[in-house]
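Please treat every number below as a calculation from the coordinates, not as lab data. Quantities reported herein were computed from a predicted structural model and do not represent experimental measurements. In this analysis, Cβ positions are derived from the backbone assuming ideal geometry, glycine residues included, and neighbour counts consider all displayed protein chains.
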């Protein structure tokens, strides 16, 4: 039984701190991908960029642009807030205030995860695939201004879809599939390595869960 002690302690830690464990696991997986799959996968994707598959994912990847999601959630907050002030009944007021909180949660999750990813990009300074193709530069150069790791597009789409996952659970399959498809598109168009997507997506999900808990704990039920 003593031999199971470390394993049990590890499982207990994972159970007690799942978000921290997820981030640690994603970081370890990212390092493994960086050492094994990232480089050959990037060259493979470079060779299919001009195929119908490549063109399809070049279209899909635009869904991960940040500004439409930031503006969309911000406008939703402002519209709902304005509607609550114009409400003629308490029931209507409560409905619009609840909607304001819901979209405020989504916007907060997007902004918070975006700030985290922006900071980490600067710290890690990873070269993008284009630098591998052009100059055979691969890996990390901390504080060098290179910004491949973690992926910002992955952060945007995973944070947005995770927020919608909470707000509109009936459509969870759609939100999950969209996040994965757009995230993978960044690899296909050779804008990022697979490990960039893994880390950016995981960080976005964890931050969104944390923001959701904060809203719930502050009696702002969503």
Between segment 40-78 and segment 100-134, the Cα center-to-center distance that results, in Å: 15
When the helices in the chain are scored as -39500 (n - 2.57) per DSSP H run of 4 or longer and the sum is shared across all residues, what 222 nm value do you end up with, to the nearest 500 deg cm²/dmol? -25500 deg cm²/dmol
Tell me, 199, 45 in order of fewest to most beta-carbon neighbours within 10 Å? 45, 199
Report the extension gain between residue 217 and residue 31 in nm, rounded to one decimal, defined as 0.36 nm multiplied by the number of residues separating them, less their alpha carbon distance. 63.5 nm
Under 14 Å from the 7 Å Cα→Cβ point of residue 98, by amide nitrogen: which residues of segment 165-206? 167-169
Mind checking which of 92, 185, 84 has the largest fluctuation in a GNM of the chain, springs on alpha carbons under 10 Å? 92
What is the mean projected area of the alpha carbon convex hull for segment 139-222, to one decimal in square nanometres? 6.3
Could you identify which residue out of 157, 63, 28 has the top mean-square fluctuation in a GNM of the chain using Cα springs shorter than 10 Å? 28
Identify the residues of segment 157-191 with backbone N under 13 Å of a label point that sits 7 angstrom from the Cα of residue 51 along the Cα-to-Cβ direction, or state none. 188-189
In a Gaussian network model over the chain where Cα atoms closer than 10 Å are linked, find which of 191, 204, 87 has the largest mean-square fluctuation. 87
